[in-house]
Amino acid sequence: MPEATTATAVSRDVGTASGSGLEVARARRLVLLLALIAFGLKLIIAATTYGTNDIRHWTDFVNGVASRGPVGVYGIHFERSFYNHPPLIGYLLELVNFGRHHGFSIQFSIRSVASLADVASAALVFELLRRRRTLREATWAGGLVAFSPVLFVISGFHGNTDPIFVMLTLLALYLLGDRDKPVAGGIAMGLAIGIKIVPVVAVPALLVLALTKGRRPLIRFSAGFLAAFAVTWLPALIGQGPAVRKDVLGYAGSGISQWGLIQIGHWFGNPDWANFLIGTGRFPVVLLCAVVPALLVWRRPGMATEAVGLSLVAFLFLSPAFGTQYLVWAMAGAYLLNFGWATVYNLGAGLVLFKVYTRWSHGFPWDHANYWGLDHGELIGALLVWACLGTISGLGIRRILQQPGPI
């Protein structure tokens, strides 16, 4: 196994060859400008629309945190939902409640934080790719993430926290892999799983990446991760352990999934394999999406960025649960694997979401969208988007294995 400095040096040599320092600086400013313009537009949407029925749930949760605190909220029985978010969200909702007392609506605060995370995600995609692709591709990828129609719909209108954990996962990868800051990277990853459990699939790949750098980086990354985990999770596990285990760690999605393998199963009369995936089968899916990227990093340490992207893309592809906000999971990761197909996914998923939210809102422009599920045409569109993710996953694995490196 080569020292990590070798893999890092190779990556940086690629970035250096793809553009001079002045060209990189100009491209970076362009991506940041595009991301800030998109951020401003999302803020306008967030300030002038209500959003989806998720906003009602967030309102309940903010009120629950206000009355019982970020840990005590797990003990509240909500009429319209149950509190299924990891512990860091409770502290975020404390800030949202603070903003409410200073004139900022709950729906605006939730969506503005997600939209701000998108700015960082676009910048991080650029920084990660400029070291591994041409400067032109990195700039286009950063710009297309900044102006992604999927992120406009979910961050600017829908109202959920998925964009935040995606940004933190990218940040952990960047800090560990490109900046040689394992403690900070571990903290970022620990915060990511404090937002949602989903990015746990990226943790093994990052641990292996840290190990390829040496024992000390592995210890430092693990220490940062465990410190962030302890601060955010232990109070909730100690104070509300049964509720956290049942409603957060045991959460399997809500309603009837209309996505991927499960939707295909619905069309074939819900065979045993589909019922297995909905139930205990979801755990092997998590294991597969975590272990395969980690093994790929072990074989190709210089391709860790692609492997982390694969973990998020493949997890959405195989996920038995689905919500429209889940489409955010693969947005940045897809560009780390294949620019062309990532753009197809970006635009295709955006078109599907536009159709769905226009129907849910009883026309365009949108204001208040209520979840009704997907109609037949939307299901076909979603299936094509799902197949696109499978293509990206396969091409990503091939890209990783074709890269010269140790076996």
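Assorted remarks:
- A crude spin-label estimate for the pair residue 351 and residue 216, with each label 7 Å from Cα along the Cβ direction, gives 5.3 nm.
- For segment 327-407, the Kirkwood estimate of the hydrodynamic radius, built from every pair of different alpha carbons, is 14.2 Å.
- Net charge of the neighbourhood of residue 151, taken over other residues with C-beta under 15 Å away and scored Lys/Arg +1, Asp/Glu -1, is 0.
- Taken as Cα centroids, segment 252-273 and segment 216-251 sit 31 Å apart, rounded to the nearest whole angstrom.
- Close amide-amide hydrogen proximity is noted between residue 52 and 369, each under 5 Å apart and 5 or more residues distant or on a separate chain (H modeled in the peptide plane; Pro and chain starts excluded).
- Each of residue 387 and residue 252 was given a label point 7 Å from its Cα along the Cα-to-Cβ line. The distance between the two points is 2.9 nm.
- In this rough spin-label picture, where each label sits 7 Å from Cα along the Cβ direction, the residue 372-residue 66 distance is 3.2 nm.
- Computed packing ranks the peptides 37-46, 131-140 as 131-140, 37-46, most packed first, by mean other Cβ atoms within 10 Å.
- Once you reduce segment 15-72 and segment 101-177 to the center of their Cα atoms, the two points are 6 Å from each other.
- Once C-alpha pairs closer than 8 Å and six or more residues apart are averaged by separation and normalised to the residue number of segment 169-246, the relative contact order reads 34 percent.
- Sorting 306-317, 193-204, 119-130 by average packing, meaning the other beta carbons within 10 Å per residue, from highest down gives 306-317, 119-130, 193-204.
- FRET efficiency, residue 398 to residue 101 (Cβ-Cβ, R0 60 Å, nearest 0.05): 0.70
- Taking chymotrypsin sites (Phe, Trp or Tyr not before Pro) across segment 262-307, the ones in a DSSP loop with at most 15 further Cβ atoms lying within 10 angstrom of their Cβ are 268.
- Pairwise FRET efficiency - residue 94 versus residue 37, Cβ, R0 = 41 Å, nearest 0.05: 0.85
- With N the number of residues in segment 201-323, Rg(Cα) / (2.2 N^0.38 Å) evaluates to 1.26.
- In segment 4-402, Cα pairs under 8 Å separated by at least six residues give a relative contact order of 19 percent.
- Against the chain, whose longest principal axis is taken from its Cα atoms, helix 54-72 shows a tilt of about 80°.
- Segment 282-350 and segment 356-398: distance between their alpha carbon centers, rounded to Å: 17
- Phi-based couplings in Hz for segment 128-136 (Karplus 6.51, -1.76, 1.60; Gly and Pro marked x): 5, 7, 5, 8, 10, 10, 6, 4, 4
- Compared with the alpha-carbon gap, the fully stretched path from residue 291 to residue 234 is longer by 17.9 nm at 0.36 nm per residue.
- Length released on extending from residue 23 to residue 80, taking residue separation times 0.36 nm less the Cα-Cα span: 15.3 nm
- Within a straight-line Cα-Cα reach of under 21 Å, residue 196 can be paired with the following lysines, leaving aside sequence neighbours fewer than 8 residues apart in one chain: 246.
- Where only DSSP H runs of four or more residues are counted, the chain gives -23000 deg cm²/dmol as its mean residue ellipticity at 222 nm, each run worth -39500 (n - 2.57).
- Normalised by the number of residues in segment 75-160, the mean separation of alpha-carbon contacts (under 8 Å, six or more apart) gives a relative contact order of 29 percent.
- Averaged over residues, the count of other Cβ atoms within 10 Å places the peptides 349-359, 376-386 in the sequence 349-359, 376-386, highest first.
- Helix 4-17 axis, angle to the chain major axis (alpha carbon atoms, nearest 10°): 90
No value in this document is a laboratory result; all are computed from the given coordinates. In this text, all values refer to a predicted model and were calculated from it rather than measured experimentally. Neighbour counts are summed over all protein chains in view; Cβ atoms, including those assigned to glycine, are modelled from backbone coordinates with ideal geometry.
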